[in-house]
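The numbers here are math on the coordinates, done by the rules we state, and not lab data. Keep in mind that this is a model prediction, so the values were computed, not measured. All Cβ positions, even for glycine, are placed from backbone atoms using ideal geometry, and neighbour counts span all protein chains on display.
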Amino acid sequence: MLEGKEGWRAVGFCGRPDLAEKKRGEHPGSIVVECGSFGGRVADMPEAKVTENVEKAAPDADDKPARKQTVDEKIASAKVHGPEPKRTIGSLAQELLMEPELGYLAIVDRVVAEFPNAKTSVRSVASVAAILRKKGVDVPLRRRRGS
């Protein structure tokens with residue numbers, strides 16, 4: 001589920017929890033909602049039984065009855081738990097490209113420092129910057145050195 005201007009909407013359907021988490025990672029701010037189907041209850045499954053005696057206190061005359069939360073309020077107040085999105089070489093390069101004081105070589109050095117097996121080059125970082133610019137992202141320009 002993803003919250004938008006018109007409220008919550010479904011952004012995908014996944015049959016397995018691992019696929020649902022993958023889809024949630026593609027949409028920051030989204031939540032995974034587990035749904036059942038009508039009549040999906042197993043007939044052999046016993047119903048829950050109350051095992052404690054619970055006495056309800058009589059409400060005071062000036063107490064107002066508690067207002068039930070709407071589904072939207074419950075969703076808004078829900079805490080989302082799950083794994084943080086995995087940091088990748090590409091996501092790190094994109095993040096570092098947004099820092100104007102860093103040149104391509106400095107970005108390569110930082111990527112390799114965090115991912116020692118990375119085969120990142122100045123050319124690959126420049127390629128990522130070009131792709132982001134094509135998508136409309138305002139990536140700071142770097143000066144060419146040694147011309």
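Taking 28 Å as the limit for the C-alpha separation, the pairs K22/K135; K79/K134; K5/K74; K74/K134 exceed it in the case of K79/K134; K74/K134. Segment R67..E99, full-extension length gain: 6.6 nm, with 0.36 nm per residue of separation and the alpha-carbon distance subtracted.
Sort the following peptides by mean Cβ neighbour count (other Cβ atoms within 10 Å, averaged over residues), highest first: 107-120, 129-142.
Numbers: 107-120: 14.5, 129-142: 12.2.
So the peptides 107-120, 129-142, ranked by packing, come out 107-120, 129-142.
The local environment of E84, defined by Cβ-Cβ distances under 15 Å, has a net charge of +2 under the rule Lys, Arg +1 and Asp, Glu -1.
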